[in-house]
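**Student:** Below is one structure. I have some questions about it.
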Amino acid sequence: MIREAGIRAFAAAHRDGAVVVDVREPFEYAAGHVPGATLMPMAAVRARLRELTRSRPVYVICASGSRSLTAASQMASAGIDAWSVAGGTSAWAAAGGPLVTPAAGSGQEAGVRR
C-alpha cells in the first residue's frame, strides 16, 4: 500500500526539513519546484534508489500526484519510507506553498515565490 501525505501534512514535514524528491521532468522542475526538492525524473528513480535515505521519510512529488504514487511504490519496494504528496506541485502551489522559479529571461533560479 502506498502512503499519501496531504498538503497540510507535507507542509508540516517540509517546515521540519523533510527530504523531498521531485519526479517530474527537468523542464517541469525548472518552471517551479518546492524549495529544497531534489530532481529525480521518473525514468531515473530505479537507478538512483541508493541515493535515498532509509533513515527518514522521503516525500515524493510530481505535478498532480500520479507519477509520485508510482515512484513512491518503487521506493517503498526498496525499503524506503516513501510518501506520495497528494495533488502534487499543483496542490502545493494552490495552497500557497512557495515555489522556486526561474528569473525572467535569465535561465537562473530567481528564488522563492508564494
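The values are calculated or read from the model by the stated rules, or taken from the named source; none is laboratory data. Keep in mind the model is a prediction, meaning the values are calculated, not measured. With ideal geometry, Cβ positions are generated from the backbone for all residues, glycine too; neighbour counts draw on all protein chains shown. Heads up: the accessible areas ignore ligands, DNA and RNA and are worked out on the full protein's heavy atoms, side chains in. Shrake-Rupley method; radii C 1.70, N 1.55, O 1.52, S 1.80 Å.
**Student:** For region 1-41 and region 56-89, compute the distance between their C-alpha centroids and round to whole Å.
**Tutor:** When both Cα centres are located, 9 Å separates them.
**Student:** Just check the chain against the gyration tensor rule for me: Cα atoms, a ≥ b ≥ c as the square roots of the eigenvalues, rounded for a/c under 1.5, and otherwise prolate or oblate depending on whether a/b exceeds b/c.
**Tutor:** Details: a/c = 1.85, a/b = 1.43, b/c = 1.30.
Cα axes put the chain in the prolate bin.
**Student:** With the other protein chains left in place, how much accessible area per residue, in square angstrom, belongs to the chain at a 1.4 angstrom probe?
**Tutor:** Roughly 52 Å² per residue, with all protein chains present.
**Student:** Here is a follow-up. Roughly how big is the chain's charge dipole about its Cα centre, with Cβ charges of +1 (Lys, Arg) and -1 (Asp, Glu), in debye to the nearest 20? Don't skip to the end; give the middle numbers.
**Tutor:** Numbers: 12 positive and 8 negative charges, 36 e Å.
The dipole of the chain has a size of about 180 debye.
**Student:** Moving on. As I understand it, the dipole of the chain uses +1 on the Cβ of Lys and Arg and -1 on the Cβ of Asp and Glu, about the Cα centre. Which of GLY87, SER73, ALA43 lies farthest toward its positive end?
**Tutor:** Looking along the dipole axis, the top candidate is SER73.
**Student:** Placing +1 at every Lys and Arg Cβ and -1 at every Asp and Glu Cβ, with all other atoms neutral, what dipole size does region 4-62 have around its Cα centre, in debye to the nearest 20?
**Tutor:** Rounded to the nearest 20 debye, it is 240 debye.
**Student:** Right, here's the next one. Would you work out what percent of the accessible area of region 1-108, with all protein chains in place, is carbon or sulfur (probe 1.4 Å)?
**Tutor:** Carbon and sulfur together cover 55 percent of it.
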